[in-house]
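The values are calculated or read from the model by the stated rules, or taken from the named source; none is laboratory data. No experiment lies behind these values; they were computed from the predicted model shown. Cβ coordinates were reconstructed from backbone atoms using ideal geometry, including for glycine residues, and neighbour counts include every protein chain displayed. The protein model used for the area step is the full one, side chains on, heavy atoms only, and it has no ligands, DNA or RNA in it. Shrake-Rupley method; radii C 1.70, N 1.55, O 1.52, S 1.80 Å.
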Amino acid sequence: VFGGEVSTVATIRNANGSLLLGSGCTLTTINQSGGSTTIQSAFTTLTQRGGTTTILGSGAVTTLTLEEGTCNYQSSGTVTTAAIGSRNAATVDCSGDISARTFTTTTLHRGGRIVDPQNTITYTNGLARGNGVSEFSAV
């Protein structure tokens, strides 16, 4: 609640609220289906099925599953596994921060989009085509 406080959260769900998770949080699982969430710490899993998430700072992310909505990735933290898209529009947007970052294993599914105008992402294992993707397009 107050600056400088710490907390541990095993699972948090945001369906339609506005949530700020500061640098003092130890986070495991975040499920978002709407609303907005700002994360300023490392976490294990984010599954986003709607809304907007903003990731700030330098915390590492183990699994980022973005099925729908927008994830503003303004962090230098490494993403170990990213799955972007499914049946709906899902965007990872890195345009708000020019920090270098690494996505180790990245799968782009149908409806998925990565916005990285400054080429800040290093894809360790390249980009894999997921369900329903027959080609990639660069703009």
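Structure notes:
- Apportionment of accessible area to carbon and sulfur, the stretch 88-139, percent (1.4 Å): 44
- Rounded if a/c under 1.5, otherwise prolate or oblate - the stretch 52-116, Cα gyration tensor axes: prolate
- Solvent exposure, largest accessible area first (probe 1.4 Å, DNA, RNA and ligands not counted), of Thr122, Thr63, Thr37, Thr8: Thr8, Thr122, Thr63, Thr37
- Relative contact order (%) - criterion: Cα under 8 Å, at least six apart; region: the chain: 14
- Per residue value of the accessible surface for the stretch 18-73 (all protein chains in place, 1.4 Å probe), Å²: 35
- Test item: Cα-centred dipole of the chain, Lys/Arg +1 and Asp/Glu -1 on Cβ, debye: 280
- The modelled label-to-label distance between Ala60 and Thr102, using points 7 Å beyond Cα along the C-beta direction, is 0.9 nm.
- The solvent-accessible area of Cys25, taken with every protein chain present and a 1.4 Å probe, is close to 30 Å².
- Take the Cα of Arg110, step 7 Å toward its Cβ, do the same at Ala10, and the gap between the two points is 3.7 nm.
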